[in-house]
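Worksheet: the structure to be examined is printed underneath.
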Amino acid sequence: MPYGEKTKEQLIEFSYQIFKFFENKGVKAVVMACNTTSATTYDTLKDKFNFKIYPIIQSVTTILSELPIKKLGILATHATINSHAYKNGINKLNSNIEVIEQACPEWVKIVENRQEDLPESKKEIKQDLENILKYNPDKIVLGCTHYPYLLDNLKEYTPESMFINPAASFAKYIKTDLENNGLIATNGSGKEEYYVSGSPKNFEKAASIFYELKTSPKQIILN
């Protein structure tokens, strides 16, 4: 962490090891909730495993391409921006939308370390946002799972309605696709398990920003 500063080769290796772990667990589907890995590794790995893979960027670009707008901003990590995955995916379906991209390399660290109220963090967030606002986008995609947690900061400079969190559309897409493919669970029961390659305690602390964990994470070593 953060993934956004890793090379494409590193990200492919990380993702491959994670997918092998899931394969050994016998999963029926894997959600690539991370924009960075979706942007850089999906095309390389998508046909190497026997389960369904849902990459966030490739899944939501269809929805974004149908927006009745002329300019769309993308805020994301360096790796996602350098891949042009959002821009290429949207323009392949709708060449009339101008896609403006802006990397925000410090935002993940700001969220993970809960530093959004520090003066230097506020300055960083404002500067990155202003870099994209100067192009007068109609909407701005928060192209990283961490970025919606900075909305309180972002809406100080432009209306909250300007921002799109693609996670909501992504979740609906996954549910519909699982239903259409006869893969949705219907018995109403299940369990949650968490595995981390780093510190379980650090994961619990960081995860508490997003979600209340039902069970403690287990540490694993990926080969």
Scope segment 176-200; condition closer than 27 Å to Tyr16 by Cβ and part of a helix (DSSP H, G or I); matching residues: Asp177, Leu178, Pro200
Residue check: is Phe14 more than 21 Å from Val60 (Cα to Cα), surrounded by fewer than 21 Cβ atoms within 10 Å (Cβ to Cβ), touching a helix residue (DSSP H, G or I) at 6+ places or on another chain (Cβ under 7 Å) and aromatic (Phe, Trp, Tyr)? no
For Thr176, which of the numbered conditions (1) of a type outside the set (Lys, Arg); (2) farther than 16 Å from Cys34 by Cβ; (3) assigned by TED's automatic domain parsing to the domain that holds Glu124 fails to hold? (3)
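Per-residue answers, yes or no, for (1) under 15 Å from the mean Cα position of the chain (by Cα); (2) without any contact (Cβ under 8 Å) to a residue 40 or more places away in the chain; (3) within 27 Å of Glu66 (Cα to Cα):
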site	(1), (2), (3)
Tyr86	yes, no, yes
Asn91	no, yes, yes
Asn96	no, yes, yes
Gln127	no, yes, no
Tyr149	yes, no, yes
Pro159	no, yes, yes
Ile164	yes, no, yes
Ala171	yes, yes, yes
Where Gln127 falls short, out of the listed (1) surrounded by fewer than 19 Cβ atoms within 10 Å (Cβ to Cβ); (2) at pLDDT below 95: (2)
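The values are calculated or read from the model by the stated rules, or taken from the named source; none is laboratory data. In this text the structure is predicted, and so the values were computed from the model without any measurement. Backbone-built Cβ (ideal geometry, glycine too); neighbour counts: all protein chains shown.
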